[in-house]
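What follows is calculated from the coordinates using simple rules that are stated; it is not laboratory data. Please read these numbers as outputs of a predicted model, since none were measured by experiment. Note that we place each Cβ from the backbone using ideal geometry, even for glycine, and neighbour counts take in every protein chain shown.
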Amino acid sequence: MSTMIIGPDGKSRCRWCGAAPEFLDYHDAEWVFPVSDDHRLFEKLSLESFQSGSSWRTILAKRENFSAAFHDFDFDRIALHSARPRSFAQERSVQAFHQCLIRLSHACKHIV
């Protein structure tokens, strides 16, 4: 079985991105590209962590909601408060993760 597929635009891509239409843009614009911006890296790490127990398709579909709830993944702003994210207040797993984000944002300030 091939590990590559040909997308609707004729481009060759990894087989996994053929599972959902939104994966094509993610594959072409983000996947395996290096990240040097701290806030962008924090976003990627956070979204990857949220993916645990969910599908990546779900995470991509709710990406804007996560971004709004976590101040565009600005770890300096997140570190300033310990309140639960407004739009996910009923989900205990996200509440717990939010606490982890706060701790992580504090730790990021001390990384050289």
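Details
- The stretch 41-80: C-alpha pair distances exceeding 12 Å, %: 56 percent
- Value in Å of the Kirkwood radius, where the stretch 1-55 supplies the Cα pairs that are averaged: 12.7 Å
- Label-point gap, in nm, between residue 63 and residue 35 - each point 7 angstrom along Cα→Cβ: 1.0 nm
- Charge tally around residue 51: other residues with Cβ under 12 Å, Lys/Arg +1 each, Asp/Glu -1 each, net +3.
- Within-10-Å neighbourhood charge of residue 35 [Cβ basis; K, R +1; D, E -1]: -2
- Per-residue 3J(HN,Hα) values for the stretch 57-74, derived from phi via the Karplus relation 6.51 cos²θ - 1.76 cosθ + 1.60 with θ = phi - 60°, read 4, 5, 4, 5, 5, 9, 4, 5, 5, 4, 4, 5, 5, 10, 6, 6, 6, 7 Hz in sequence order (x marks Gly and Pro).
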